[in-house]
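In what follows, a single structure is set out as structure tokens and then discussed.
Please treat every number below as a calculation from the coordinates, not as lab data. Computed from a prediction, not measured in an experiment: that's the story for all the values here. Using ideal geometry, Cβ is built from the backbone for each residue, glycine included, and neighbour counts are taken over all protein chains shown.
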Amino acid sequence: MWALSYGFDWVEIGAAIFLFYFTGMSITAGYHRLWSHKTYSAHPIVRFILAVGGAMTLQNSILHWSSDHRVHHKHVDIDDADPYSASKGFWFSHIGWMLREYQATRYADYSNCKDLQKDKIVMWQHKYYLPIVLVSNFGICILLGWLNGDILGMVLLAGVTRLVLVHHVTFFINSLAHMWGSRPFTDKNSARDNGILAFFTFGEGYHNFHHIFEYDYRNGVKWWQFDPTKWMIKGLSYVGLTNNLRTCPEERIEKAKLEMQLKYAHDKAITLPNAEEIVVKIQHEYDVLMQRMGEYYATKKRLVNMKKKNLQATYERLELDFKYKELKQTLAVQKQKWRTMYSFYLEPQTA
């Protein structure tokens, strides 16, 4: 009604878009990939900013959110253990799980997050979560609205509307990303890869990959896959604000993908005429492929190690060459000093 009656100006729209991405990616880059899965390390400044941005989403503290998420990964799709099991349907996994009666008293402790309890920023945000929520949400929106001359409009668009959108975007990962898409890496759980969802969820839509390789800082493993969270983490590493970016070995990713392709091919082949003969051929070609792949990656590893050794040898040779030249120059200077001293003091004097 406010939009129809009064409308929003471009400052309010711009602020809403900025805060949508800032708070949404505080969840994906902060709550999820940094704290829940420890896929990379970040400078305290980055961690502080992500902690404040995460609090602005009203999705509970880092400690609580991460504990919930670790339980989800440990017991994915198990009805009584997975906090937001997709096996209970879209409504439950999307938002219904938060309305359960025991949710308020679910955590007497956070035993699965002992590492996070050593993080001062995590514990600061957990202790002062409510004040941070109030100051960051109302304070920032009211300030922006006051500067723009319309406090209520800014609060409604950049505050309330943005908050609702970020909530649903995050919850889509719990619901739609377990129901809509493909499973190219594993079928041991309901997680799916979906490029459309990735576009709306800051790169989190490649969920099948994430559930098998959860300690990889990337969700979209290919460079071209839409994953702005991955790009932000990588970009910050160039200026020293993130480091220790963890990635899964390429060989493991390829093997997981090929295992699923073999399974899909087998399931399809058994419905065809001469199924037994086709299955044998498929299995043979797969075995040969695995052998060639093993040889390829073993050779690649040797080549990389050799290049590292050559690089080290080259560095040591250059260092030795520099030291040799430096010593040669030092020796020449010292020889000159010696000749000067010798000629003055020790060389026989002529009458």
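So the values come out like this:
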read-out	value
Point-charge dipole on Cβ atoms (K/R +1, D/E -1) for the chain, about Cα centre, debye to 20	1660
Residue-averaged 222 nm ellipticity for the chain, from DSSP H runs of 4+ at -39500 (n - 2.57), nearest 500	-18000 deg cm²/dmol
Calculated diffusion of the stretch 252-331, Stokes-Einstein form, Kirkwood radius summed over Cα pairs, 25 °C and 0.890 mPa s, µm²/s	146
Rounded to 10°, Cα long-axis angle of helix 228-237 versus longest principal axis of the chain	20
Rounded tilt (10° steps) of 275-341 against the dominant C-alpha axis of the chain	40
Proximal lysines relative to LYS323, as straight alpha-carbon distance under 19 Å, when same-chain residues fewer than 8 apart are discounted	LYS335
Share of alpha-carbon pairs per 5 Å distance bin for the stretch 131-219, given as whole %	3, 15, 18, 15, 10, 10, 11, 9, 6, 2, 0
Inter-label distance, nm, simple model (7 Å from Cα along the C-beta direction), LEU147/ASN310	5.4
Relative contact order %, the chain, counting alpha carbon pairs below 8 Å whose residues are six or more apart	16
Filter on LYS255/LYS301; LYS234/LYS301; LYS263/LYS301; LYS257/LYS307; LYS74/LYS114 - keep pairs with C-alpha separation over 19 Å	LYS234/LYS301; LYS263/LYS301; LYS257/LYS307
The chain - Kirkwood radius from inverse mean 1/r over Cα pairs (Å)	24.6
Whole-number percent relative contact order across the stretch 147-292, with pairs defined as alpha carbons under 8 Å at least 6 apart	15
Proximal aspartates and glutamates relative to LYS222, as straight alpha-carbon distance under 18 Å, when same-chain residues fewer than 8 apart are discounted	ASP193, GLU204, GLU214, GLU250, GLU251, GLU254
Sum of side-chain charges, ILE233 neighbourhood, beta-carbon under 10 Å (Lys, Arg +1; Asp, Glu -1)	+3
Sorted by Cβ density within 10 Å, fewest first, the residues ASP82, ASP321	ASP321, ASP82
Angle in degrees between helix 62-74 and the longest Cα principal axis of the chain, rounded to the nearest 10	80
Rounded FRET efficiency, nearest 0.05, which uses the C-beta distance separating ASN274 from ASN243 and R0 of 56 Å	0.50
